[in-house]
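These notes are about the structure you will find just below.
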């Protein structure tokens, strides 16, 4: 496997299970970290990576067998610092904006629906939600 300078790769860390922990322990510990940018080729089979400051205790040169090409688009990568987790260890989704409104007629009542654009949402980041639920959970969007 060969990489070019500037390529984005992910780093296999599952073999470090007992040595360094990245958040969770045991089988829930991450297998890969990244993506990181290749800054230099060292010899025939090693590459130097641009590591973040929180990984300053780890040497930045890795053998090619611990690297995988990152296939994710740049905008789909969410930094760990921006992810919020509640007390039940669930990811907290946050709405970014209300795009439009429409009324939906049910059998005995009419419900107002709002089209919500979500922050950091994988897949389609726009969904239709009931306006009264959104007002109850996110009142700042309607102020």
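Points to keep in mind about this one:
- The strands (runs of 3 or more DSSP E) located wholly in segment 38-143 that include 2 or more residues which are at pLDDT 90 or above and closer than 30 Å to residue 13 by Cβ occupy 46-50, 61-63, 67-69.
- Scope segment 1-28; condition under 16 Å from the mean Cα position of the chain (by Cα) and modelled with pLDDT of 65 or more; matching residues: 8, 9, 10, 11
The values are calculated or read from the model by the stated rules, or taken from the named source; none is laboratory data. Everything numeric in this text was worked out from a predicted model, so none of it was measured. Backbone-built Cβ (ideal geometry, glycine too); neighbour counts: all protein chains shown.
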